[in-house]
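The values are calculated or read from the model by the stated rules, or taken from the named source; none is laboratory data. The structure presented is a predicted model; accordingly, all values stated were derived computationally and were not measured. Every residue, glycine as well, gets a Cβ built from its backbone with ideal geometry; the counts of neighbours run over all protein chains shown. For accessibility, only protein heavy atoms count, side chains too; no ligands or nucleic acids. Shrake-Rupley method; radii C 1.70, N 1.55, O 1.52, S 1.80 Å.
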Amino acid sequence: MSMSTVKDEVRSLLKRLPDDCTLEDVQYHLYVIEKIRRGIHRADKEGVISQEEVERRLNKWTSE
């Protein structure tokens, strides 16, 4: 993914949203984009676990 400015990302978002979107729609999409960005940053910094490990942990919690 190329480095783009925040303004570029907002412009891109606005182009994708329908003309009749609300301010709440814009806010929601900006919120989701930021949450995804933070999640990717955290995964890069702290690492991730495999799908198998997630399933193992969930099975442990749900079987108790």
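Annotations
- Dipole-positive endmost among L58, Y31, A43 within the chain (Cβ charges, Cα centre): A43
- Temperature 37 °C, viscosity 0.692 mPa s: under these conditions the Stokes-Einstein estimate for the chain, based on its Kirkwood radius over C-alpha pairs, is 222 µm² per second.
- Estimated inter-spin distance, D20 and E53, nm [label 7 Å along Cα→Cβ]: 4.7 nm
- Solvent-accessible surface of protein heavy atoms, probed at 1.4 angstrom with all chains present, puts I40, I33 in the order I40, I33, largest first.
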